[in-house]
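Report on the structure given below.
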Amino acid sequence: MKNLLGLGLVLFVCGSCAHYYTFKPVGDLSMAATRNIDNSKEYVALKNYAGISRDDVAAAMATAKKGKIKKKNPIIKEINAFKASDIKDAIDKVVKSVAGGDYLYNLKIYHITEVSGFMGKKVDYSFVLSGDVWGVNSADNNIKGFHKGDKVVFVYSRDLKKEIGTKNFTGEVGKQYKGTVIGLKSGLATVLLDNESVVDIPYSYLTNLGQ
């Protein structure tokens, strides 16, 4: 009987400490900017559907039970990358995720509720969005000081291996690799290595050697 009571208590505690997210689409906007647009500049489309993936959101919502998306769902990594406490900051995060970005077209905005803690007593609210980033396409565009064409070097450490996985890169742990930045993303630089393989590396692991 004591064992059954103990098991019941464990199940109750585990069930009471659930951690999940809910998505709610709150609106679409044709265009949004958080700073003045310079009419003397020639703006172009830099990236379509930047920010959180609309397809990933739809897939997460389709598989959610009673609208609850579990913490282990792959969409949570995107949420953490782009969530903000208000819509203005959410717009800025998406714009700044693309080098040279200035404003957004075709926005889709989502409100997120994160529930955690005992009996779901901790509740956090945030916004994420998706949109087409427009800006000035220039050689001066950069993210975190990295430009396309920069020479970079990184050490393939165990931490880096754990972060990027081994599907797209099978390097030797502890070895130093050199390459050239060929693409800039919100949290990653796309690097063409000297051995001609291509890998996305978080900026924090790269040392910029310049051009």
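Values computed for the structure shown
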item: Sites Glu196 and Arg54 - FRET efficiency at Förster radius 41 Å, r taken between beta-carbons, to 0.05; result: 0.80
item: Nitroxide proxy distance, nm - points 7 Å out along Cα→Cβ at Gln176 and Asn106; result: 4.5
item: Alpha carbon convex hull of region 125-164, volume per residue in cubic angstrom; result: 162
item: Region 81-211, dipole about Cα centre (Lys/Arg Cβ +1, Asp/Glu Cβ -1), debye to the nearest 20; result: 340
item: Exposed-site-free run, longest, the chain (rule: GluC sites (Glu not before Pro); DSSP loop; at most 10 other C-beta within 10 Å); result: 43-171
item: For region 167-181 versus region 62-108, the gap between their alpha-carbon centres in whole angstrom; result: 29
item: Quotient of C-alpha Rg and 2.2 N^0.38 Å, computed over region 24-90; result: 1.41
item: Loop trypsin sites (Lys or Arg not before Pro), region 34-83, which have at most 16 other Cβ atoms in a 10 Å radius of their Cβ (DSSP); result: Arg35, Lys41, Lys66, Lys71, Lys72
item: Length released on extending from Arg158 to Lys66, taking residue separation times 0.36 nm less the Cα-Cα span; result: 29.3 nm
item: Charge context of Val57, other residues only, Cβ under 14 angstrom, K/R +1, D/E -1; result: +1
item: Helix-only [θ]222 nm of the chain, DSSP H runs n ≥ 4, -39500 (n - 2.57) each, per residue, nearest 500; result: -7000 deg cm²/dmol
item: Net charge over other residues, Cβ less than 10 angstrom from the Cβ of Trp134 (K, R count +1; D, E count -1); result: -1
item: Within straight-line cross-link reach of Lys68, lysines at Cα separation under 19 Å, skipping those fewer than 8 residues along the same chain; result: Lys24, Lys77, Lys83, Lys121, Lys122
item: Chain lengthening between Ala84 and Tyr43 when straightened (0.36 nm per residue, less Cα-Cα); result: 12.2 nm
item: For region 92-98, Karplus couplings with θ = phi - 60° (6.51, -1.76, 1.60), whole Hz, Gly/Pro x; result: 4, 4, 6, 4, 6, 6, 10
item: Label assignment, volume of the Cα convex hull per residue in Å³ derived from the structure, set (i) 114; (ii) 157; (iii) 125; result: (ii)
item: Qualifying trypsin sites (Lys or Arg not before Pro) in region 132-211, DSSP loop, other Cβ atoms within 10 Å at most 10; result: Lys167, Lys175
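Only the coordinates and a few stated rules stand behind these numbers; no lab work does. These numbers were taken from a predicted model, which means no experiment stands behind them. When we count neighbours, we look across all protein chains shown, and the Cβ atoms used for this are built from the backbone with ideal geometry, even at glycine.
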